[in-house]
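To start, the structure under review is shown below, and the notes come after it.
The values are calculated or read from the model by the stated rules, or taken from the named source; none is laboratory data. Computed from a prediction, not measured in an experiment: that's the story for all the values here. For neighbour counting, all protein chains shown are included, and Cβ atoms are generated from backbone atoms with ideal geometry for every residue, glycine included. Side chains are part of the model used for accessible areas, which takes the heavy atoms of the whole protein and leaves out ligands, DNA and RNA. Shrake-Rupley method; radii C 1.70, N 1.55, O 1.52, S 1.80 Å.
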Amino acid sequence: SDLTIGFSQIGSESGWRAAETTVTKQEAEARGITLKFADAQQKQENQISALRSFIAQGVDAILIAPVVATGWDEVLEEAQDSDIPVVLLDRTVDAPEELYLTAVTSDLVHEGSVAGQWLVDEMAGADCRIVELQGTTGSSPAIDRKTGFENAISDHSNLEIVRSQTGDFTRSQGKVVMESFLKAEGGENICALYAHNDDMAVGAIQAIKEAGLNPGKDIKIVAIDAVPDAHLAIANGEMNATIELTPNMAGPALDALDAYINSGTMPPKWIQTESKLFTAADDNQAIYEMKKGLGY
Amino acid sequence: MISYNFFKRIMPQMIILGVVLFLNLLVFPDFFVIEFQNGRLFGNVIDVLNRGAPTALLCIGMTLVIATKGIDLSVGAVMAIAGATAASLVVDGHYWLTAVIGALTVGAICGLWNGFLVAILRIQPIVATLVLMVAGRGVAQLITEGTILTFLDEGLIHLGAGTVFGIPTPVLIWIFLGGLAAFFVRRTALGMLIESIGINEASSRLAGINSRILLICVYVVSGICAAVAGVIVAADIQGADANNAGLWLELDAILAVVIGGNSLLGGRFSIVASLLGAIIIQSVNSLILLSGMPPEFNLVIKALLILAILVIQSPRVGHLIYIMRASSPPIKSDPLTPAKESNR
Amino acid sequence: MTNDPTPMLHATGISKFFPGTIALDDVEITLNRGEIHALLGENGAGKSTLIKCLTGVYRRDGGEITLDGKHVNPQSTNHSQILGIGTVYQEVNLLPNLTVAENLHLGRQPMYGPFVARRAMNAAAKKSLLEFGIDIDPAQPLSDYPVAIQQIVAIARAVEMSGKVLILDEPTASLDLDEVKLLFSVIRQLKARGIAVVFITHFLDQVFEICDRATVLRNGQVVGTRELNQVSQTDIISLMLGRQLEARLQEPKPKSSGTLLLQIKELGKSGMLAPFNLNIHKGEVVGLAGLLGSGRTETANLIFGAVKADFGQLKLHNKHIQINNPRDAVAHGFALCPEDRKTEGIVGDLSVRENIILALQARQGWLRPISRRKVDEIAQHYVRTLDIRLANLEMPIRLLSGGNQQKVLLARWLATDPDFLILDEPTRGIDIGAHSEIIALIGQLQKDGMALLVASSEMEELVTYANRVIVLRDHKQVGELTGAEITSNNIIRAIAAETEHEGIA
Amino acid sequence: MRSTHLPLIATLFTFLLAYALCAWQFPAMLSTRVVANLLTDNAFLGIVAVGMTFVILSGGIDLSVGSVIAFTGVFLAVVLRDTSIPPMMAFALVLFITSAFGAAMGATIHYLEMPPFIVTLAGMFLARGAAYVMSTDSIPITHEFYDVLQSLYWKSAGGGRFRIIGGIMILTFIVAAIIAHRTKFGQNVYALGGGATTARLMGVPVASTTIKIYAISGGLAGLSGIVFSLYTSAGYSLATVGVELDAIAAVVIGGTLLTGGYGFIAGTFFGILIMGLIQTYIVFDGTLSSWWTKIVIGGLLFAFILLQKGLTWASTKRKKAVIGLDTQS
Ligand SMILES: Nc1ncnc2c1ncn2[C@@H]1O[C@H](COP(=O)(O)OP(=O)(O)OP(=O)(O)O)[C@@H](O)[C@H]1O
Ligand SMILES: Nc1ncnc2c1ncn2[C@@H]1O[C@H](COP(=O)(O)OP(=O)(O)OP(=O)(O)O)[C@@H](O)[C@H]1O
Ligand SMILES: [Mg+2]
Ligand SMILES: [Mg+2]
């Protein structure tokens, strides 16, 4: 097939995002699809205008990883008027379902609750004071992962979040904020760390080490994304668990598009990717080696 | 150099710093406790000094740039580029010192570019440096290919996360470089010449000052300072994060320079006061972190605190206080403070 | 109206303190209707400060003002304009980015409904400028015109603002004789309308030509008010200075005796200055004469490298030199005291000490700072020899009075001990005492073997010290006078002869 | 022609040249869709850049606008969700708040003699902080009035949709151009930019002018926020981060000097179009990776500044040469 597909990516704000871009390009190439890539530099307005430009160019289909859930109705309508199917990646939007073909996403709330559930099981009723490193204030992963985690531990009075502050999804802020947690609470009084992404957890691990404590042992660490460095940390015993957010959203999306364009098959409205839990029980070293090349 | 005038110059910053630290003490009683734990000093005050390092380093160059009536928006991006350069060099197996020198060279080149646009092409500094601010982060990502480039080189890591005699290396680096720069500009004629071109470039040029070279130099210094900051930040997290390293840090640096009592319109400057400004900002950040407030309030708190600091420092308020204090005709007062003209 | 005995403006007890200075101390001034009142005093006496206190620029520290019999308290320039006081402040204060017409009418533009009536405004501007004898396109930006035109625009603006009082702070400093004549005729018209005019200047001839009374300030205090038809110039001078101005002997000017220092061959720039030739010897003063805009400033700038020449050669001590910028010039021992001290001379926020040392330091390079002791020595030396009035050496130069700023600039260049000193309007805005001091200084420098090139609008001045005078017209060298030929009349004739010649052609 | 018009003309030529080049490479760029998109997608940026032009003309800068847009969006979303205040009332309310916010910044700048850069930086933190405090979620706006406004567009031949928000932007530009170039207030703005001290000595009411300028900028940021909320039907506290820099860039590309006093509202309009063109070109090209996108945007920004500088320089040079001939003949 010589399809031309437009892909509106949010940006390249994290390693995970870069991996998603890489994987998408690889998947398109493997199928012989011409991919028009547009980086929105974290701005919704750029994404909307990119979509409009795709429509003006007359692409065959559009992939979009929306930066935020709201605000897409108008431009999706325009796409529909021009008979261009749109597939959402990573996240659904607050728009009527008929405006897009399907959404390939993970369930952010679910990820949070997997993390919470892991901690519940791990502590097995023992008291635990938790510190939380939130993502960027206002971003939907931060909100949903917080909600999911809180839901999971809400019935367990032995688990308590004692401090929660934003680490902006970055390594350096993760480290800085963890440092202040350690001082404010006293390292020995913290039993677990929940970070909304692995980068912050990796930063926090360094802070914990510098404070003379053993990450993974003195303080349990669970985070989300399963980037290579998190697997490495688990392999080294410095981290306990991570939940995978697969960067391969494009594979299922392109499959669905293929089927729709070639045979008119309507895909389901929501294709959920797996939120797999990785712990020390897995062969993290091997996974690390495998994922290293994916552009994380 | 350590004269009465010097103390008088930095007095407002010292007082403000004292007040902010006191607020820290209020929200966290153990704020001033410093312990010696596994070979390093450990405590909130140390954290403030350590975490203030990037801003403080940026401040050194930014103060000089602002003194020439310029501004350097690109420092955050230059940090990212330098961090990425250093990381990719050690990952390629180079010796850490080579990597650092490489990063500093790249920083200097970035500064040269800015200086070229400002001094030779005569593009307004804010726009000239905006170009590198936008493109620079792309360059940094080009080097790391969008990933966080991690490394395990002990030598490099030591610059960001290590200690010397128990004191975190970044603290030593910024105090050393800041002191060096402050000493250097005041012991040579550089300080005066920089101030002169900042106040009136036409006059300065006619007086025989080579304003172009000076302007370029100032931006190069700013680039190098940013590079040092970038290396430290990367070393601290053992990885070059091209996306986030130094993001929006240029604003903090500019803020610090202004809190340091330096005019954005160029002219008179004090590097030491700017450094105090950087530490004041970091103390405000520390206050926010220690207070345990939900993160939604971070920005509001920061904005209000900074506003309060700036209002207290504003020349107008200073003048009011001065008037309230001195009811007798202000004849024998300080000849340096210019009289305020009535403004209404 | 003119017979109304209540004064137009009466101010008593005006005081103004600046940190370190009492700028005005219990000053009283009375302006009668239809009177032209001179305000005189040395540089730094407080003339400009008094004006600023009267017009609400400065908040005064004491004193009462009655205008037209009513107590007033101007809070801002805007307010005083509304009260009917039009003012030209000392440094030309207009906006270079606005057009001439906009400058002239800012704040009281002719309106068409809610909109500024541009066409009417331009027409009105054209008309009012014609009264001052200049015919220009008022829709062009002010910055397109030379300082003299700007000065006239500022005056025209103030004149239109002044319903009751017109204040002119050194309006004639950069004006030509003809323009001064026009200005005076306008002032006389205003006087006939009963408006009170305050006239500040250092040209006593002009004072005696046009003013009725004079108030003299010294060190912030009024030392006397005189009816001018009852006193002589010497009376006024001794009142201003507090001493007699010793009459300097007119020493015979040395013939250009020294060795050849600098040869300028065919120096010029297209559109700016036609090729210019000059040989200048050590111990020689060459004057540059010409009308406004004749290219004197351009000549000075080209020689100094402030503007890069398109063609021409310079030979110093018979060796070719290349001057691309002021730095090169300074390195070859040149010095230039520019005409526009506000934008090209002073570095406002730097202290007087730093301003004096600036050029010397720039020449030494930043790596070799001049020691503090040496700096203080140099600064103090020049403050003493040039009699610069200041509270202390650390005060920013922008706080000095205009004339004292000029002296500091002179000091800056003298400190570099130049071989060749170019002075562009060195005595502009300088009081009569300092004026003669500077002339004496020029003589002294010449005796010490320095070569000087002096551009000046004051012919008498050139006559006193120049060995040779070069006359410029329309950016061209049109004549040269030497030795005994140099008289005011001859200079004027040289300029005019050329004009007639052109007229015939 | 006045010499001050040069940068404006240079900008116009730059835009036309660039557009021609783009169209030559991608003929689809000539479609009405692209033209309509340029107007619609840049409407909010254009409106906020108008305010920024006033501020920059007066020699100031306003860094708070991006945050004010976000604040406006969140405010509207919260008000329309939680109260029964009708949208028009809410618009009026938010315009009042943002104008007052701008006025407060202007007053601070003038009366406390603080540099605009810093005051508005604090304003930037404050406005975004306020948005966070109201809500960190992105809140959809589902009022039928919004649907009505959004359905108002003119669909031209070729599929381009000219929406109401593009119209609002153009209207803003026209009104602003009249205010800036034809009223007393406008002249006072230019006067301030020419030199605040001088302006004061000439009797310009500096305080009220400064306050009005920042109030306008704040108010237009509010209007831009309304437009943005129409554009996205939502309010989100993380929206429009860094828009102030885009606005500044557009103003500068439009030929306004950052030091104040020189420039035109119309220049900003072309500045906006150039920025939009860069964005469109990159998407049409579609081969740039994330980092090359940044580099290319920076590079194009540089190229435009350079081109404009070159054009201005070349024509002043020519003008000078003409004068030279005059004097020599
Ligand atoms: N803002 C200020 N702060 C401190 N001192 C000032 C200030 N303005 C003026 N002065 C001082 O006040 C005195 C009077 O200055 P003023 O400008 O009124 O003199 P002037 O009579 O106009 O002199 P000139 O003939 O040179 O213009 C001077 O000593 C000057 O240094
Ligand atoms: N009356 C006038 N109308 C228009 N342009 C003028 C007029 N007078 C001078 N100019 C222009 O002003 C410029 C300034 O000339 P310049 O400053 O070299 O003159 P100058 O002889 O030094 O005069 P000044 O006495 O003002 O120093 C010249 O380019 C000239 O064309
Ligand atoms: Mg004066
Ligand atoms: Mg001249």
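Residues in segment C:19-49, backbone N under 12 Å from the label point at C:Thr66 (7 Å along the Cα-to-beta-carbon vector): list them, ranges by number please.
Hits in segment C:19-49 for C:Thr66 at 12 Å: C:30-31.
Counting only C-alpha contacts under 8 Å and six or more residues apart, can you give the relative contact order of chain B as a whole percent?
It rounds to 31 percent for chain B.
If you restrict to DSSP beta bridges whose two residues both lie in chain C, what percentage is antiparallel, to the nearest 5?
55 percent
Segment C:346-361 to segment B:1-64: how many Å between their Cα centroids?
35 Å
Helix-only estimate, please: 222 nm mean residue ellipticity of the protein assembly as shown, summing -39500 (n - 2.57) across DSSP H runs of length 4 or more and dividing by its residues, to the nearest 500. Don't jump to the answer; show the numbers that get you there.
Values: 55 runs with 787 residues, N = 1474.
That comes out to -17500 deg cm²/dmol.
Mind putting a number on the dipole of chain C about its Cα centre? Charges go on the C-beta only, +1 for Lys and Arg and -1 for Asp and Glu, and I need it in Debye to the nearest 20.
Working: 52 positive and 58 negative charges, 199 e Å.
Its charge dipole is roughly 960 debye.
What is the mean number of Cβ atoms from other protein chains located within 10 Å of the Cβ atom of each residue in peptide A:14-23, rounded to a whole number?
4
Based on the mean of other Cβ atoms within 10 Å per residue, sort peptides A:20-30, C:439-449 so the most packed one is first.
A:20-30, C:439-449
Given the C-alpha centroids of segment D:196-220 and segment B:71-102, what is the distance between them in whole angstrom?
45 Å
Using only C-alpha atoms and all pairs of different ones, pull out the Kirkwood radius for the protein assembly as shown in Å with one decimal.
35.1 Å
Using a 1.4 Å probe on protein heavy atoms only, how many Å² of accessible area do B and D hide from each other, summed over both chains and rounded to 100?
Chains B and D together bury roughly 3900 Å² of accessible area.
Work through the residues other than D:Ser237 whose Cβ is under 13 Å from its Cβ and net out their charges, Lys, Arg +1 and Asp, Glu -1. Intermediate results must be reported in sequence, preceding the final value.
Working: positive: D:Arg128; negative: B:Glu296, D:Asp137.
Neighbour charge sum, excluding D:Ser237 itself: -1.
Roughly how far apart, in whole Å, are the Cα centres of segment A:116-143 and segment D:236-283?
42 Å
If you roll a 1.4 angstrom probe over the protein chains with everything in place, what fraction of the accessible area of the protein assembly as shown belongs to carbon and sulfur, to the nearest %?
The C+S portion of the solvent-accessible surface of the protein assembly as shown is 60 percent.
Using the structure shown, list the pairs from A:Lys43/D:Lys294; C:Lys47/C:Lys342; A:Lys25/D:Lys155 with a Cα-Cα distance above 24 Å, or answer none.
A:Lys25/D:Lys155
Determine the dipole magnitude for the protein assembly as shown: charges of +1 sit on the beta-carbon of Lys and Arg, -1 on that of Asp and Glu, nothing else is charged, the reference point is the Cα centre, and the result goes in debye to the nearest 20.
Values: 108 positive and 132 negative charges, 1057 e Å.
Computed about the Cα centre, the dipole is about 5080 debye.
What is the sum of charges, Lys and Arg at +1 and Asp and Glu at -1, for the other residues whose Cβ falls under 9 Å from the Cβ of A:Gln9?
Values: positive: A:Arg17; negative: A:Glu20, A:Asp39.
Net of charged neighbours comes to -1.
Are there cysteines in the protein assembly as shown with no second cysteine's Cβ under 4.7 Å away, and if so, which?
Flagged as lacking a Cys partner: B:Cys59, B:Cys110, B:Cys217, B:Cys225, C:Cys53, C:Cys211, C:Cys337, D:Cys22.
Please determine, in degrees from 0 to 90 and to the nearest 10, the orientation of helix A:198-210 with respect to the longest principal axis defined by the Cα atoms of chain A, where the helix direction is its Cα long axis.
Long axis of A:198-210 versus the principal axis of chain A: about 20 degrees.
Can you give the % of DSSP beta bridges in the protein assembly as shown that are antiparallel, to the nearest 5?
Within the protein assembly as shown, antiparallel bridges account for around 45 percent of the total.
Among the helices of chain D (complete DSSP H runs), which have Cα atoms covering no less than 18 Å along the helix axis and a Kyte-Doolittle mean of at least -1.0?
D:6-25, D:43-57, D:65-82, D:87-111, D:116-134, D:164-182, D:206-232, D:265-285, D:290-328
So, counting K/R as plus one and D/E as minus one, what does the shell of residues with Cβ under 15 Å around C:Val159 add up to?
Residues near C:Val159 contribute +3 overall.
Chains B and A: how much accessible area gets covered up at their contact, both sides added, probe 1.4 Å, in Å² to the nearest hundred?
Counting protein atoms only, the buried area is about 2500 Å².
What percent does the relative contact order of segment C:264-347 come to when contacts are Cα pairs within less than 8 Å and at least six residues apart?
28 percent
Would you work out which of C:Ala379, C:Gln405, C:Asn392 lies farthest towards the positive end of the dipole of segment C:348-417, given +1 charges on the beta-carbon of Lys and Arg and -1 on that of Asp and Glu, about the Cα centre?
Highest projection toward the positive end goes to C:Ala379.
Could you grab the relative contact order for chain D? Cα pairs under 8 Å, six or more apart, rounded to a whole percent.
The value is 36 percent.
Mean Kyte-Doolittle hydropathy of 1.0 or higher plus an axial Cα length of 15 Å or more: which whole DSSP H helices in chain C meet both?
Numbers: long enough: C:118-131 (20 Å, -0.56); C:147-161 (21 Å, 1.35); C:177-192 (22 Å, 0.57); C:352-364 (19 Å, 0.11); C:372-385 (20 Å, -1.31); C:402-414 (18 Å, -0.25); C:432-447 (23 Å, 0.62); C:488-504 (24 Å, -0.22).
Once both thresholds are applied, what remains is C:147-161.
Using the Cα centre of segment C:348-417 as the reference point, and only Cβ charges (+1 on K/R, -1 on D/E), how large is the resulting charge dipole? Debye, rounded to the nearest 20.
For segment C:348-417, the charge dipole is close to 100 debye.
Lys/Arg Cβ at +1, Asp/Glu Cβ at -1, dipole of the protein assembly as shown taken about the Cα centre: which of D:Val48, D:Leu149, A:Gly167 is farthest positive-ward?
The residue sitting farthest along the positive end of the dipole is D:Val48.
Just the number, please: buried accessible area between C and B, total of both chains, 1.4 angstrom probe, nearest 100 square angstrom. Working shown, then result.
Working: alone 22800 and 17580 Å², together 37080 Å².
About 3300 Å² of accessible surface is lost on pairing.
Within 10 Å of each Cβ of D:258-267, how many other protein chain Cβ atoms are there on average?
Working: counts 5, 4, 1, 5, 3, 1, 0, 0, 0, 0.
Counting Cβ atoms of other protein chains within 10 Å of each residue's Cβ and averaging gives 2.
What average count of beta carbons from other chains do you get within 10 Å of the Cβ of residues in A:74-81?
Average per residue, whole number: 3.
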